[in-house]
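Remarks on the structure that follows.
The values are calculated or read from the model by the stated rules, or taken from the named source; none is laboratory data. In this text, all values refer to a predicted model and were calculated from it rather than measured experimentally. With ideal geometry, Cβ positions are generated from the backbone for all residues, glycine too; neighbour counts draw on all protein chains shown. Each accessible area value is taken on the protein alone, full model and side chains, heavy atoms only, with ligands, DNA and RNA left out. Shrake-Rupley method; radii C 1.70, N 1.55, O 1.52, S 1.80 Å.
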Amino acid sequence: MTKSKNTAPNGGRFTAFVRRLCDIVLSLVLSLCLLPLSVLVALAIVLRDGGNPFYWHVRVGQNGTRLAVLKFRTMKKGADEVENMLTPDELAVYRLEYKLPDDRRLIGYKKAGDGRRCFGAVLRRTSLDELPQLWWNVLLRGNMSLVGPRPVLQEELERHYTKEERALFLSVKPGLTGYWQAFARNRACYENGARQKMELYYAQNQSLLLDIKILFRTVVAVFTKAGAK
């Protein structure tokens, strides 16, 4: 992966220090408060599908470094073999946005339409699958922040961003939540360019005040299902 220099205008050392301090304090408090819920989610995954309840996904981190994102597993065992589990039409749709509106790979999926209501879909819609990132990626590893552009695959980055845009995108830490995810989520996509614009807007205009607004909006979006489909 190609490394890039930090070109974000608001990425001073003091701001970075304060952001990291906030990340540590908030992620520690949230991790402790949500520990019982995290245990219940992990047990539910094991009971429904067996195997490891956690899932590692390799993404691109700040400055182009390798980032191993930890999530609760929402898909059935073997779901990484997309060519074997999806039809050619589904695979074509998946390659566009890296998600499906009715994903048969989700835990609990049995018939058409379950991709919106099955167990795995509920974990995704409520963002419960992202909980392990709080204590692993944000608190312990420090390779993610509470707020930032959502971590993406190298393929996504190269396909949907120009060289200059990639440098800006990678100049900040990826986040547990972000401007795109909090304010648009499924309403903004790669195809219409809205997702890229929102992610780059944050990278260019990041500030502690904007982070607070995004965190507040994220809580509202989770409880109201805003932007989720």
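Things to note:
- Residue among Leu153, Leu30, Leu139 with the largest mean-square fluctuation in a Gaussian network model of the chain, springs linking Cα atoms under 10 Å: Leu30
- Per-residue extension of 0.36 nm, minus the Cα-Cα distance of Tyr190 and Ala112, leaves a gain of 25.6 nm for this segment.
- Cα-based values for the chain, radius of gyration first and Dmax second, are 17.3, 52 Å.
- Considering helices alone, the calculated mean residue ellipticity of the chain at 222 nm is -13500 deg cm²/dmol, with DSSP H runs of length four and up weighted by -39500 (n - 2.57) and normalised per residue.
- What you get for the chain, charging only the Cβ of Lys and Arg (+1) and of Asp and Glu (-1), is a dipole of about 400 debye around the Cα centre.
- Across the range 88-209, the convex hull enclosing all Cα atoms gives 121 Å³ per residue.
- Ala68 sits among other residues whose Cβ lies under 9 Å from its own Cβ, and their net charge, with Lys and Arg +1 and Asp and Glu -1, is +3.
- Lys, Arg +1 and Asp, Glu -1 on Cβ, resulting dipole of the range 155-229 about Cα centre, debye, nearest 20: 340
- Listed residue (Met75, Ser127, Leu35) projecting farthest to the positive dipole end of the chain, Cβ model: Leu35
- Virtual paramagnetic centre 7 Å along Cα→Cβ of Tyr201, amide N under 17 Å, in the range 151-179: 169, 177-179
- Contour excess over end-to-end distance, with Cα ends at Ile24 and Glu164 and 0.36 nm allotted per residue: 47.3 nm
- Think of a 1.4 Å ball rolled over the protein heavy atoms: the chain then has 53 Å² of accessible area per residue.
- Shape call, the range 176-222: gyration tensor on alpha carbons, a/c limit 1.5: oblate
- Heavy-atom accessible surface of the range 89-194: percent carbon and sulfur, 1.4 Å: 54
- Under a Gaussian network description of the chain, with springs only between Cα atoms under 10 Å, the residue in Asn84, Asn63, Asn52 that fluctuates furthest is Asn84.
- The range 145-229 shape via C-alpha gyration tensor axes, a/c threshold 1.5: oblate
- Lys pairs, the range 72-170 - Cα-Cα below 28 angstrom, 8 or more residues apart or on other chains: 9
- The range 48-119 shape via C-alpha gyration tensor axes, a/c threshold 1.5: oblate
- Distance (nanometres) between label positions extended 7 Å along Cα→Cβ at Glu83 and Leu35: 4.5
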